[in-house]
1. Write out, first by first residue and then by second, each pair whose Cβ atoms fall under 8 Å of each other, whose residues are 6+ apart or on separate chains, and whose first residue, in the range 204-231, is open to solvent by less than 10 Å² (accessible area, probe 1.4 Å) while the second is of a type in the set (Asp, Glu) and in a strand (DSSP E or B).
2. Run down Phe277, Phe253, Phe271 and say which single residue is at pLDDT below 95 and within 18 Å of Gly5 (Cα to Cα).
3. Can you list residue pairs whose Cβ atoms sit under 8 Å apart, with the first residue in the range 175-195 being closer than 16 Å to Tyr20 by Cβ and the second being open to solvent by less than 30 Å² (accessible area, probe 1.4 Å) and of a type in the set (Lys, Arg)? Count only pairs 6 or more apart in sequence or on different chains.
4. In the range 154-202, which residue that is at pLDDT 90 or above and acidic (Asp, Glu) is most open to solvent (accessible area, probe 1.4 Å)?
5. Out of all the residues in the range 1-28, which are among the small types (Gly, Ala, Ser) and within 16 Å of the chain's Cα centre (by Cα)?
6. What pairs come out if I take residues in the range 17-35 that are closer than 17 Å to Thr58 by Cα and pair them with residues that are surrounded by fewer than 21 Cβ atoms within 10 Å (Cβ to Cβ) and acidic (Asp, Glu) whose C-beta lies under 6 Å away, six or more apart or interchain?
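The values are calculated or read from the model by the stated rules, or taken from the named source; none is laboratory data. Worth saying up front: this structure is predicted, and the values here are computed from it rather than measured. Virtual Cβ from ideal backbone geometry, glycine too; neighbours counted across all protein chains shown. Keep in mind that these areas ignore ligands, DNA and RNA; they rest on the heavy atoms of the full protein, side chains included. Shrake-Rupley method; radii C 1.70, N 1.55, O 1.52, S 1.80 Å.
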Amino acid sequence: MTPQGYALHIGLNAVNPDNYEGWNGELFACENDVAVYKAIAEKAGFQSIHSLLTAAATSQNVLQHLQDAARLLQAGDILLLTYSGHGGSLIDTNGDETNNFGSMDGFDETWCLYDRQLIDDELFDCFSKFKAGVRILIFSDSCHSGSVSRNPAAITNASRTDTANYTRARVAPLNVLMRTYNKHKSEYDGIQSQLKAGKDDIAAYVVQFGACQDDELAMEVWGNGMFTAKLQEVMKEEINSYNDLFIAIKRGFAANQHPNLYHYGDEALNFLAQAPFSVQPLAGVKE
């Protein structure tokens, strides 16, 4: 059977201020990033490619696509999930977050979707629904993206903009995050209370590229996020594996932004050794 590729590309140049206590989260390059990832998926031969831009990038639409992909994809298939937008944080009410030293962190990391923040626990729960042998590949060009699909992150007080060079940080300001959480506390606490999946519940293999480390800012400059622009550049080279891709992306990157590679799941898939974005699994790897 021919392996299937399902791609979902999410890019938000703004959020709904009604749901973020007056903050519109304006960015200028996230929808452009979607075009980059979509072109990569098309060239790689993904059969099902979907884009959610700004107002269409709601939690309902994102979760529905992930549910559809989990239902459709079989062992040997691949999900490509990309996100460009603001990263955020919420109070961790289910006690599942730890920091880099193994102590309780106190915050869940989020993607700031148009209608609300999508909590990292929700992504983890979605991934637990995928069948054994499915490959899940994530590119997150946002702050807290080093491990937004599960790992810890710090939060920042300001969203930095450099008007001279027209750069902007993709992070939601702390005061906005706190006002939003306090206003919608029952909704966010209710979501977290229903999520129990852990890493051991995931039978797929997840590989995530993040734009920066947990305590850094992911920047966008002119037409794209800096991380996405670098990915687009290095994909013109001969890249033989995801490890090689990570090395190429880091080479010559900005001094204050360090991309991250994080992976977990069924290592028998040997995902990291496969050609980047290939719908075909590595020869000899179980399907």
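1. Every condition considered, the pairs that remain are Ala211/Asp141; Ala218/Asp141; Glu220/Asp141; Gly225/Asp141; Phe227/Asp141; Thr228/Asp141.
2. Details: Phe277 fails: at pLDDT below 95; Phe253 fails: within 18 Å of Gly5 (Cα to Cα).
The match here is Phe271.
3. From residues that are closer than 16 Å to Tyr20 by Cβ, the pairs are His184/Arg116; Glu187/Arg116; Tyr188/Arg116.
4. Glu187
5. Quick first cut of the range 1-28, residues among the small types (Gly, Ala, Ser) only: 5, 7, 11, 14, 22, 25.
Selection gives Ala7, Gly11.
6. Asn19/Asp115
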